[in-house]
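The values are calculated or read from the model by the stated rules, or taken from the named source; none is laboratory data. Note that the structure is predicted; figures quoted are calculated from it, not measured. In this analysis, Cβ positions are derived from the backbone assuming ideal geometry, glycine residues included, and neighbour counts consider all displayed protein chains. All accessible areas refer to the heavy atoms of the entire protein, side chains included, with ligands and DNA or RNA removed. Shrake-Rupley method; radii C 1.70, N 1.55, O 1.52, S 1.80 Å.
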Amino acid sequence: QMQLAESGGGLVQSGGSLRLSCTAPVFNFNYYDIAWFRQAPGQELEGFACIESNSNGGDRKYADSVKGRFTISREDAERTVFLQMNSLKPDDTAVYYCAAGSCRSWTRASDYGFWGRGTQVIVAS
């Protein structure tokens, strides 16, 4: 059974913004690096952002496809990781997942042991 939970997806116009949240009520969430993945229809799962735990240094990584538009952050007091998505484009349409593991292999989905069920993002043109 998955331990994470994503929220905040929806339908937005091109150029708009959304903020996704990722929480985990049943494990020591703040000590894990958290990655965001997405899967567009007919496409492979894409890892595009990761944030280290604060104990690991809190470093952030982004794929070129989202760098400058998306911002990953975490609020330990809320046991939550956020993904602020700005300047959204139609090709950002996908199901978005968060996963707990290590940013050292931040694009490799098989290295992440805890996943959410995903939240749908649709960007209309």
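Of all the strands (runs of 3 or more DSSP E) wholly in the stretch 70-114, which have at least 1 residues that are more than 13 Å from the chain's Cα centre (by Cα)?
On the way: elements: 70-75, 80-85, 94-101.
Per the criteria, 70-75.
Give just the number: which of (1) of a type in the set (D, E, K, R); (2) over 21 Å from Q120 (Cβ atoms); (3) open to solvent by 50 Å² or more (accessible area, probe 1.4 Å) does E52 not satisfy?
E52 satisfies all of (1) of a type in the set (D, E, K, R); (2) over 21 Å from Q120 (Cβ atoms); (3) open to solvent by 50 Å² or more (accessible area, probe 1.4 Å) except (3).
May I ask you to list the residues in the stretch 50-96 that are at positive phi and without any contact (Cβ under 8 Å) to a residue 24 or more places away in the chain?
Scanning the stretch 50-96 gives G57, G58, G68.
Among the residues of the stretch 75-92, write down those that are out of contact with any Cys (no Cβ under 9 Å at 6 or more places or on another chain) and open to solvent by less than 80 Å² (accessible area, probe 1.4 Å). Steps first, please.
Within the stretch 75-92, the subset out of contact with any Cys (no Cβ under 9 Å at 6 or more places or on another chain) is 75-79, 84-92.
Passing the criteria: D76, Q84, M85, N86, S87, L88, P90, D92.
Run down R38, R69 and say which single residue is modelled with pLDDT of 95 or more, crowded, with 17+ Cβ neighbours inside 10 Å and of a type in the set (K, R).
Numbers: R69 fails: crowded, with 17+ Cβ neighbours inside 10 Å.
One residue alone meets the criteria, R38.
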